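Down below is the structure, laid out as structure tokens.
Laboratory data are not the source of any read-out in this text; all were calculated from the coordinates shown. Every value quoted in this text rests on a predicted model; they were computed, and no experiment measured them.
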């Protein structure tokens, strides 16, 4: 069974601070996705990383895929209240969009 | 282009009743995936379907759960004789193809409460 552990589980920070969320596994994934989910809504895809060592930037968000394609990180610079939500990583290895979701990181940004 | 539509958004069933959850994929998408999210947990894969075919149902409980994606109409996730432990949010996602690195779009989910 593939497991994706995310840390921290909960994070409460002040607006303007930086933060990093980690997603770790002992399994290799062909790609890794990051989603944000708001209460009462479905997950929304933020980014997909495919190549080991790949770094992708989306405005204030920086995503990195580990060299061995077993782990990933999400770094947010100067967090804003609009960043509040549940962040989920998800690894794909089945040859199609059957992904294993991580345990989630609940982020709260306080004004 | 409407997104993935799930209905109902909220469903309350008594123990022993049947629950039917519907998912209309995005236009042009013929691949559908169902996930279940228990309170305070991540999403767990249940089943992957293409039109009229079940491709992977490895995440489906062996009993009481079934899924279909007919040639015409929405995909249906059916739960017979619901129990309290079935209470969860059920999400559907769709994609245009089934290959690797294909983006799937999620619906808003159906929140099932079994009383």
Alpha-carbon centroids, segment A:45-102 and segment B:48-70: separation in whole Å: 28 Å
Prolate/oblate/rounded call for segment A:33-111, Cα gyration tensor, a/c under 1.5 rounded: oblate
DSSP bridge pairs, the protein assembly as shown: antiparallel proportion in percent, nearest 5: 90 percent
